[in-house]
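Beneath this line is the structure, given in structure tokens, with notes to follow.
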Amino acid sequence: MINSIRGFNDILPPETSIWQQVEKEARGIFAAYGFSEIRVPIVEKTGLFSRSIGETTDIVEKEMYTFADRHGESITLRPEGTAPVVRAYIEHKIYGNDPVAKFYYLGPMFRYERPQKGRFRQFHQIGAEVFGIDDPAVDAETLEMLVSLFQRLGLEGVSLQINSLGCKECRPLYKEKLLNFLQDKKSQLCQDCQRRYEINPLRTLDCKSPGCVEITSHAPSILDAVCGGCKNHFEKVKEYLALSHVNFSLNPKMVRGLDYYIRTTFEITALGLGSQNAVAAGGRYDGLVKDLGGPDVPGFGFAIGMERLAMLLQDNGQWRVDSGQSPVFIVILGDKAEASAFGLIKNLRQNGVRLERDYGNKSIKAQMKRADKLGAKFVLILGDNELASNSVAIKNMESGEQEKVSLDRVGEKLKTLIGVSL
Ligand code: ATP
Ligand code: MG
């Protein structure tokens with residue numbers, strides 16, 4: 001047989017019901033905050049990602065699924081959602097009548113990483129982007145929305161860490177400071193960080209290897225180095241978060257793996273995920289719209305890792321996997337009953353009753369066994385006797401009680417029994 005590709009997963013029921021509930025909750029809360037759904041393609045021109053995420057980032061250097069199409073054009077399976085949404089914002093001149101726009105998206109992303117717990121090659125994100133407002137209130141409000149979503153889902157043990165990465169003016173100065181600090185320690189850094197030292201020194205700050213963690217713990221803090229404008233912005237973000245009762249902590253060593261972030265950046269981490277503990281991340285990206293050929297419109301966004309979120313919810317005892325309303329089963333006895341069952345079944349299903357049946361004229365015993373297996377609490381029995389009196393028998397599987405109900409009252413009766421709205 002042919003198996004799936006390494007790092008590409010099937011998501012099966014009943015787990016899919018968790019995904020549906022997360023998506024439903026997310027759509028609901030995003031709508032309340034004024035976001036509309038945008039659906040962008042899964043494949044884009046490679047340059048879109050290398051230009052926005054950055055040539056020297058891990059994603060662009062080694063994680064992208066990049067192919068030549070049949071005409072030799074280089075295309076890439078999207079590793080993240082912000083760049084495609086920004087492209088769409090520019091391409092459709094959405095800024096034309098109003099630069100302020102709020103979008104959310106959900107769907108698969110692709111990164112060629114080593115598959116492990118919480119890390120896959122196809123994974124899913126729910127993300128949101130706000131264009132057109134550089135006010136720190138947007139940073140705080142968007143974080144408030146994200147944290148409220150997690151709260152509504154009953155997620156526990158999550159913490160929000162924020163940082164400021166400065167801007168195009170002050171970050172280069174901090175980079176110099178950091179390089180000065182690291183200069184005489186370079187040989188003690190891990191192999192990766194020795195390379196990062198040359199091409200992207202800020203990345204050494206969030207290296208997980210113990211040696212680098214120790215060395216960079218004494219590094220100058222970016223929060224002491226950012227310019228007045230960035231400092232002011234960050235102070236406001238913190239103030240507004242406090243006003244919205246969103247808890248956070250500062251992590252001046254948090255550096256995102258995408259070059260387009262400036263000023264506010266954040267991560268939400270959760271206990272119980274092991275070393276892949278980030279469940280959502282994002283930040284501000286003023287300048288990206290312009291860099292990709294649009295007007296100078298600021299932006300702020302985040303992305304949630306769905307697999308990690310689903311894993312947390314599944315591990316969380318409070319979360320019930322909802323396999324749907326327990327079915328009503330209909331036992332059909334004989335050809336005549338079968339013929340009249342079609343109309344009845346259609347009618348009940350169209351009225352929202354989850355109705356299951358068996359096929360092939362099986363014995364009553366076999367059909368009852370199937371009803372049991374499916375967890376039916378009520379079984380309708382339709383045979384010659386019932387047909388003669390234009391009725392069905394309804395059996396309560398828990399109590400064993402059985403009663404006759406006329407065909408035109410079955411819907412009504414089931415309504416009182418299982419509580420569906422007919
Ligand atoms: P990490 O540090 O875990 O590699 P990241 O910084 O690369 O994450 P982002 O690009 O910010 O992640 O993506 C946002 C979220 O998407 C992450 O917090 C995580 O929950 C999820 N995510 C990222 N990469 C993967 C992956 N390969 N498999 C599953 N989820 C992922
Ligand atoms: Mg990563």
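Every number in this text was worked out from the coordinates using simple rules, so none of it is lab data. Being a predicted model, the structure only gives us computed values, none of them experimental. Cβ placement follows ideal geometry from the backbone for every residue including glycine, while neighbour counts extend to all protein chains displayed.
Tabulated results
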| quantity | calculated |
| --- | --- |
| 20 °C / 1.002 mPa s Stokes-Einstein diffusion coefficient of the range 20-98, Kirkwood radius on C-alpha pairs, µm²/s | 147 µm²/s |
| Only Lys, Arg (+1) and Asp, Glu (-1) charged, at Cβ; the range 98-203 dipole about Cα centre in debye | 820 debye |
| Cβ crowding within 10 Å averaged over residues, with 277-289, 80-92, 5-17 ranked highest first | 277-289, 80-92, 5-17 |
| Per-residue ³J(HN,Hα) for the range 199-210, Karplus 6.51 cos²θ - 1.76 cosθ + 1.60, θ = phi - 60°, Hz, x for Gly and Pro | 9, 7, x, 4, 5, 5, 5, 10, 5, 8, 6, x |
| Separation of alpha-carbon centers, the range 71-91 and the range 371-422, rounded to whole Å | 54 Å |
| For the range 238-243, 3J(HN,Hα) per residue [Karplus equation, 6.51 cos²θ - 1.76 cosθ + 1.60, θ = phi - 60°, Hz, x = Gly/Pro] | 5, 4, 5, 4, 5, 5 |
| Whole-angstrom Cα spans of the range 257-390 along principal axes, big to small | 77, 38, 21 |
| Cut-off 14 Å between beta-carbons: net charge of the residues surrounding Ala31, Lys and Arg +1, Asp and Glu -1 | +1 |
| Base-10 log of normalised Debye intensity for the range 1-50 (one unit scatterer per alpha-carbon) at q = 0.12, 0.14, 0.32 Å⁻¹ | -0.53, -0.70, -1.08 |
| Label point 7 Å beyond Cα of Asn9 along Cβ direction - residues of the range 265-284 with amide nitrogen under 15 Å | 272-280 |
| Within the chain: Cβ-based charge dipole about Cα centre, in debye rounded to nearest 20 (Lys, Arg +1; Asp, Glu -1) | 780 debye |
| Diffusion coefficient, µm² s⁻¹, Stokes-Einstein with Kirkwood Rh over alpha-carbon pairs of the range 54-107 at 20 °C and 1.002 mPa s | 160 µm²/s |
| The range 328-418: antiparallel DSSP beta bridges as a percent of all, rounded to 5 | 55 percent |
| Size-normalised alpha-carbon gyration radius of the range 126-184, reference 2.2 N^0.38 Å | 1.62 |
| Cα pair distances in the chain, grouped into 10 Å bins until the bin that holds the longest one, percent each | 4, 18, 24, 19, 13, 10, 8, 4, 1, 0 |
| Stretchable slack from Arg70 to Arg152, in nm (0.36 nm times residue separation minus alpha-carbon distance) | 24.9 nm |
| Positive-end extreme of charge dipole, the chain - chosen from Ala225, Asn351, Leu77 (charges on Cβ) | Asn351 |
| Rg ratio (alpha-carbon, reference 2.2 N^0.38 Å) - the range 1-154 | 1.15 |
| Highest-first arrangement of 40-47, 93-100, 399-406, where packing means the average Cβ count within 10 Å | 40-47, 93-100, 399-406 |
| Equivalent ellipsoid, the range 179-329 (semi-axes from 5 times Cα gyration tensor eigenvalues, Å) | 34, 23, 16 |
| Scattering curve values for the range 328-418, log₁₀ I(q)/I(0), Debye with Cα scatterers, q = 0.10, 0.20 Å⁻¹ | -0.21, -0.92 |
| Inter-part distance where the range 118-142 and the range 188-226 are each reduced to a Cα centre, Å | 26 Å |
| Max mean-square fluctuation residue, GNM over the chain, Cα-Cα springs under 10 Å, options Leu146, Leu292, Leu243 | Leu243 |
| Selection from Ala68, Ser50, Phe103, by position along the positive dipole direction of the range 45-110 (Cβ) | Phe103 |
| In order through the range 125-138: 3J(HN,Hα) via Karplus (6.51 cos²θ - 1.76 cosθ + 1.60), integer Hz, x for Gly, Pro | 10, 10, x, 9, 9, 10, 10, x, 9, 9, 5, x, 4, 5 |
